[in-house]
Amino acid sequence: MPNADLIPLLPEEELARRTRRAESPHPELWSILDGVMDPEIPVITLYELGVLQDVYLDDDGVHLVMTPTYIGCPAMGVMEEDARAALAAAGYTTVTVEMRLAPAWTTAWLTPESRRKMAEYGVAAPSGENIQCPQCRSEAVVIISEFGSTACKALYRCQSCSEPFDLFKAI
Amino acid sequence: MSDNAHIAKYVLRLADDALVLGHRLSEWTSRAPFLEEDLALTNVALDFVGRARMYYQYAAELTGGGATEDTFAYTRDAREFSNLLLCELPRGDFAFSVVRQFLYDAFALPFLRELKGSSDQRLAGIAAKAEKESTYHLRRGKEWVLRLGDGTTESHQRMRQALDELWGYTHELFEVDALEEALIAEGIAVDPRTIRDEWQQTVTSVLIQATLPVPESSWSVQGGRTGYHTESLGYLLAELQFMQRAYPGLRW
Ligand SMILES: [Zn+2]
């Protein structure tokens, strides 16, 4: 029997999101938003994070559909402002933002590329059972707290290099 | 009452639970036993306040007539709040807050799992999101109950006392009135009676592991859903609502 863990399956809703982008009649809108980073992990774009769900243009202007990582995430306001500012700088000033809760955000949407960028930035990315220290790659780590600097992260310490680090929690 | 008004009333109950408990949790900010715990409690508080906002926004849309999340949170009096009494009790010592949170999260997790299946798509969406967060909350809560229950003589004693003080407020979690009966029949509301066994089992197994006796006291208090609150809610609202009451419409 094939080991399901070895075959990275893309969740259906994530496939739908990528298809929306690939088939968008306004690829330039997506490109503009590629300049907007997560304020907490500024190497990951809103699109890579999965927060940017859709963007399209109609007679009422630009419609931006976002989903929060965590319901109470205080960074959502900043993300919305940054996205509006990026669109405004490109001449799109009439922007309606819709917060969509379903499908609920999950770390399963993160690409291997995003996970790599996160680790390089110093935040361990969720990857099933094994948690790796982003500094020295050791897997000898212990949890300090279920909540780190923000709700989406947990605080760990590496027993090999003694460095504390944030883990982007798998949800 | 129209259908929307019924649903709005139900949604407000869920919103009030989340706001009031979130506020109690937020009172620990800068006062928790150590820094990591301070961050954790603040983050959990944010999860609850975020949840409250989602529910209030939905209730406002159902209500119309200028209602907003803020008018619900800042301009209603204690009698108009419909949160469970368990959520409003003062934060007490750390053991009290740990036990309250554990008893509530052990209820919230199965409740949200059921609400995910609600025929009301908006509620189902909020529940799907909140369920993931509650999984973390409950896991954290269990660890604290074990650590303090099976800890020092003093921590054990404080946990027992908190349990005794809180137990009588847990029955209200499973009360259902005519409004909820009607919404349960429509597949909108969760029937909390169906998750009582699961709650009991979660709570009992953790308490036993934590060497804490399951309270046998038979007293029970209720009234939160119909606006009969303990005096502590008034004090909580005084702090929460002061700015909007003193300077109506004030913006930061
Ligand atoms: Zn290391």
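If a residue has to be more than 14 Å from chain B (Cβ to nearest Cβ), out of contact with any strand residue (DSSP E or B) (no Cβ under 7 Å at 6 or more places or on another chain) and either not aliphatic (A, V, I, L, M) or not in a helix (DSSP H, G or I) (or both) to count, how many in segment A:78-122 make the cut?
15
Looking at segment B:183-194, can you tell me whether even one residue there is in a helix (DSSP H, G or I) and of a type in the set (Asp, Glu)?
Kept after step one, since they are in a helix (DSSP H, G or I), are these residues of segment B:183-194: B:183-185, B:192-194.
From the residues that got through so far, the ones that are of a type in the set (Asp, Glu) too are none.
Within segment B:183-194 (the criterion being in a helix (DSSP H, G or I) and of a type in the set (Asp, Glu)), the answer is no, since none of the residues qualifies.
If we keep just the residues of segment A:54-77 that are out of contact with any strand residue (DSSP E or B) (no Cβ under 8 Å at 6 or more places or on another chain) and outside any helix (DSSP H, G or I), which is farthest from residue A:104 (Cα to Cα)?
The first filter runs over segment A:54-77 and keeps only residues out of contact with any strand residue (DSSP E or B) (no Cβ under 8 Å at 6 or more places or on another chain), leaving A:58-59, A:69-75, A:77.
From the residues that got through so far, the ones that are outside any helix (DSSP H, G or I) too are A:58-59, A:69-74.
Details: A:58: 26, A:59: 29, A:69: 8, A:70: 9, A:71: 10, A:72: 13, A:73: 14, A:74: 17 Å.
If we take residues in segment A:54-77 being out of contact with any strand residue (DSSP E or B) (no Cβ under 8 Å at 6 or more places or on another chain) and outside any helix (DSSP H, G or I), then A:59 is farthest from residue A:104 (Cα to Cα).
From (1) more than 20 Å from residue B:209 (Cβ to Cβ); (2) in a helix (DSSP H, G or I); (3) open to solvent by 30 Å² or more (accessible area, probe 1.4 Å); (4) more than 14 Å from every other protein chain (Cβ to nearest Cβ), pick out the condition that doesn't hold for residue B:122.
Answer for residue B:122: the failing condition is (4).
Hey, residue B:176 hits all of (1) out of contact with any Gly (no Cβ under 8 Å at 6 or more places or on another chain); (2) in a helix (DSSP H, G or I) but one; which does it fall short on?
Failing condition for residue B:176: (2).
Could you list, in sequence order, all residues of segment A:144-171 that are open to solvent by 10 Å² or more (accessible area, probe 1.4 Å), in a strand (DSSP E or B) and either in contact with a Cys (Cβ under 8 Å, 6 or more places away or on another chain) or within 12 Å of the ligand (Cβ to nearest atom) (or both)?
A:156, A:157, A:164
Can you work out which of the residues in segment A:124-168 that are at pLDDT 85 or above, under 23 Å from residue A:70 (Cβ atoms) and in contact with a Lys or Arg (Cβ under 7 Å, 6 or more places away or on another chain) is nearest to the other protein chains (Cβ to nearest Cβ)?
Across segment A:124-168, the extreme among qualifying residues is A:144.
Kindly establish whether residue B:15 is out of contact with any Leu (no Cβ under 9 Å at 6 or more places or on another chain), buried (at least 21 other Cβ atoms within 10 Å of the Cβ) and within 27 Å of residue B:177 (Cβ to Cβ). If you could, list the steps in order and put the result at the bottom.
On the way: out of contact with any Leu (no Cβ under 9 Å at 6 or more places or on another chain): yes; buried (at least 21 other Cβ atoms within 10 Å of the Cβ): yes; within 27 Å of residue B:177 (Cβ to Cβ): yes.
Considered against the rule, which asks whether it is out of contact with any Leu (no Cβ under 9 Å at 6 or more places or on another chain), buried (at least 21 other Cβ atoms within 10 Å of the Cβ) and within 27 Å of residue B:177 (Cβ to Cβ), residue B:15 comes out as yes.
Quick test for you: out of A:126, A:134, pick the one residue that is within 11 Å of the ligand (Cβ to nearest atom), assigned to a loop (DSSP other than H, G, I, E, B) and under 18 Å from the mean Cα position of the chain (by Cα).
Values: A:126 fails: within 11 Å of the ligand (Cβ to nearest atom).
Being within 11 Å of the ligand (Cβ to nearest atom), assigned to a loop (DSSP other than H, G, I, E, B) and under 18 Å from the mean Cα position of the chain (by Cα) holds for just one of A:126, A:134, which is A:134.
Looking at segment A:50-61, I want the residues that are in the same structural domain as residue A:17 (by TED's automatic domain parsing) and have a partner that is at pLDDT 95 or above and small (Gly, Ala, Ser) with Cβ atoms under 8 Å, at least 6 apart or on another chain. Which pairs are those?
From residues that are in the same structural domain as residue A:17 (by TED's automatic domain parsing), the pairs are A:52/A:83; A:55/A:24; A:56/A:24.
Residues are listed down the side, and each one gets a yes or a no for (1) part of a helix (DSSP H, G or I); (2) aliphatic (A, V, I, L, M); (3) in contact (Cβ under 8 Å) with a residue 40 or more places away in the chain:
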residue	(1), (2), (3)
B:102	yes, no, yes
B:105	yes, no, no
B:111	yes, no, yes
B:133	yes, no, yes
B:139	yes, no, no
B:145	yes, yes, yes
B:165	yes, no, yes
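So that you can scan it fast, the table gives a plain yes or no per residue for (1) among the charged types (D, E, K, R); (2) surrounded by 12 or more Cβ atoms within 10 Å (Cβ to Cβ); (3) within 26 Å of residue A:168 (Cα to Cα):
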site	(1), (2), (3)
A:47	no, yes, yes
A:66	no, yes, yes
A:74	no, yes, yes
A:80	yes, yes, yes
A:89	no, no, no
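Return the only residue of B:100, B:76, B:91, B:31 being surrounded by fewer than 24 Cβ atoms within 10 Å (Cβ to Cβ), under 16 Å from the mean Cα position of the chain (by Cα) and of a type in the set (D, E, K, R). Before you say what the answer is, go through the steps one by one.
Working: B:100 fails: surrounded by fewer than 24 Cβ atoms within 10 Å (Cβ to Cβ); B:76 fails: under 16 Å from the mean Cα position of the chain (by Cα); B:31 fails: under 16 Å from the mean Cα position of the chain (by Cα).
From the options B:100, B:76, B:91, B:31, the qualifying one is B:91.
Restricting attention to segment B:207-252, which residues are in contact (Cβ under 8 Å) with a residue 24 or more places away in the chain, closer than 20 Å to residue B:84 by Cβ and among the small types (Gly, Ala, Ser)?
Residues satisfying the conditions are B:217, B:220, B:223, B:224, B:227, B:232, B:234.
The values are calculated or read from the model by the stated rules, or taken from the named source; none is laboratory data. Predicted model only: the values in this text are computed from it and were never measured. Reconstructed Cβ throughout: ideal geometry from the backbone, glycine too, with neighbour counts over all protein chains shown. Areas reflect the complete protein model, heavy atoms only, side chains present, ligands, DNA and RNA absent. Shrake-Rupley method; radii C 1.70, N 1.55, O 1.52, S 1.80 Å.
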